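Before any comments, here is the structure.
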Amino acid sequence: MIIMIPERVDNLERDLFKKVLIIATFPMVGLIIAGRWDGLLGLLVGIIISFLLFRLKIIHINRALDMDKGRAINYLRKRYFINYIIYFIALFQAYEKSRVYFIATAVGLLLLKYTILGTGIIEYASDWWHRKLEHLEEIDKRRNWDESRT
């Protein structure tokens, strides 16, 4: 069965990947300037694996939506276990190979997660700030209206 990912999720995924790549350019440029090619390779490996696992999670969740609750829970639990095995293999290989810097690989793997978290925090703070400004404007309008009545 072919599962169609809604366009809204696809656009969200694309925007998220763009944000990660923009954020990743800063350490990449630093690693290039420092001549740490092992770090650059580790960061790229981590980011690519992170992107692929995120995409895989979206596909797994869409498949689980067509299942009953018990079967979906077991399905997703197994898939998360497989994801953790892939994380372990990626980090273990980075640790064992001298051509790939371990810390850069770990940062690349975590960069997507921190970008999601940071984006959520920034959007929440922005929403809160806009609501606060609207509330203050409403209070100001009421005060001006009350003054004009007298």
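The values are calculated or read from the model by the stated rules, or taken from the named source; none is laboratory data. This structure is a prediction, so every number in the text was calculated from the model and none was measured. Cβ placement follows ideal geometry from the backbone for every residue including glycine, while neighbour counts extend to all protein chains displayed. Surface areas here come from the heavy atoms of the whole protein model, side chains and all, with no ligands, DNA or RNA. Shrake-Rupley method; radii C 1.70, N 1.55, O 1.52, S 1.80 Å.
Structure notes:
- Residues of the stretch 28-69 that are open to solvent by less than 60 Å² (accessible area, probe 1.4 Å), small (G, A, S) and outside any loop (DSSP other than H, G, I, E, B): G30, G39, G42, G46, S50, A64.
- Cβ-Cβ contacts under 6 Å between residues 6 or more apart (or on different chains), taken from a first residue in the stretch 31-55 that is farther than 19 Å from T115 by Cα and in contact (Cβ under 8 Å) with a residue 60 or more places away in the chain to a second residue that is of a type in the set (K, R) and open to solvent by 40 Å² or more (accessible area, probe 1.4 Å), are listed as D38/R99.
- Residue within the stretch 131-144 that is under 30 Å from R8 (Cβ atoms), at pLDDT 90 or above and not basic (K, R) present: no
- Residue match in the stretch 92-99 (condition: open to solvent by 40 Å² or more (accessible area, probe 1.4 Å), modelled with pLDDT under 90, of a type outside the set (D, E, K, R) and within 18 Å of M28 (Cα to Cα)): no
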